[in-house]
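Some notes on the structure that comes next.
Bear in mind these aren't lab numbers, they're just calculated from the coordinates by the rules spelled out. For clarity, every value in this text was computed on a predicted model and none was experimentally measured. Note: ideal-geometry Cβ built from the backbone for every residue, glycine included; neighbour counts use all protein chains shown.
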Amino acid sequence: ESGDLRNRYGGEFGQRCLLARRLIERGVRFIEVSHNLNFLNGAGWDVHNGGILQQHKLIQEMDTAMSALIIDLEQRNMLDKTLIVVTTEFGRPPEFDSGGGRGHQGSAFSCILAGGGLNHSGAYGVTDELGKKIVENPVSVADFFATIHAAVGVDYSKNLYDGDRPVPVTDMGNPIAALFA
């Protein structure tokens, strides 16, 4: 790639996203890109202390890399065949605590789905004005996973087996129909 393209992806996380794009071009079917390898660089989204100082840097890194990846995949006609999922195990409350960080919030948080042939753009679901409570179109974890599986062509209704024990792929979830309309 040109130096300009590498620069558009940004720093460490962006270069991981660029590597992911290269792997996709070579046929790799599943790639996980971690935004932060906390054990390597000591910084990340776990911003219990001093988060007010870190959040803008983290958001800029994520925005730079993700926008470059999406545009790059689109220009290479690969976005419709590639599902990008950005998620976490919980959200953060809107207010800062006394340590300048944010605690955990499991009641409402954002995830991103891009590409993968999805026919929806914009937000799905609505929270209250503080982002603390879902007020419209809640999505369960099972439904979120079913949506991901459906987008990549995996039968979300089947069971996998651990010995003789059936394990549901999505724990009875259903894809979010509006994302496929």
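About the Cα centre, and with charges only on the beta carbon of Lys, Arg (+1) and Asp, Glu (-1), how big is the dipole of segment 3-138? Nearest 20 debye, please.
On the way: 14 positive and 16 negative charges, 95 e Å.
That gives segment 3-138 a dipole magnitude of about 460 debye.
In this label model, Asn119 and Asn77 are separated by 2.1 nm, measuring between points 7 Å along each Cα→Cβ vector. Toward the positive end of the charge dipole of segment 3-138, with +1 on the Cβ of Lys and Arg and -1 on the Cβ of Asp and Glu, the farthest Cα among Gly11, His48, Gln105 is that of Gly11. Scanning the chain for trypsin sites (Lys or Arg not before Pro) in DSSP loops with at most 10 neighbouring Cβ atoms within 10 Å leaves 30-181 as the longest stretch between them.
Taking all Cα pairs closer than 8 Å and separated by 6 or more residues, the relative contact order of segment 3-138 comes to 21 percent.
Please state, as a whole number in µm²/s, the translational diffusion coefficient that the Stokes-Einstein equation yields for the chain at 20 °C and 1.002 mPa s, with Rh defined as the Kirkwood radius across alpha carbon pairs. Estimated via Stokes-Einstein, D reaches 117 µm²/s. Between Ser157 and Glu25, the simple spin-label model (points 7 angstrom out along Cα→Cβ) gives 4.0 nm. Could you check which residue among Gln75, Gln55, Gln105 shows the biggest mean-square fluctuation in a GNM of the chain with a 10 Å Cα cutoff? Result: Gln75 has the largest fluctuation of those listed.
Hey, with R₀ at 41 Å, roughly what FRET efficiency would Gln60 and Glu136 work out to, going by the Cβ-Cβ distance, to 0.05? For Gln60 and Glu136, the calculated efficiency is 0.90.
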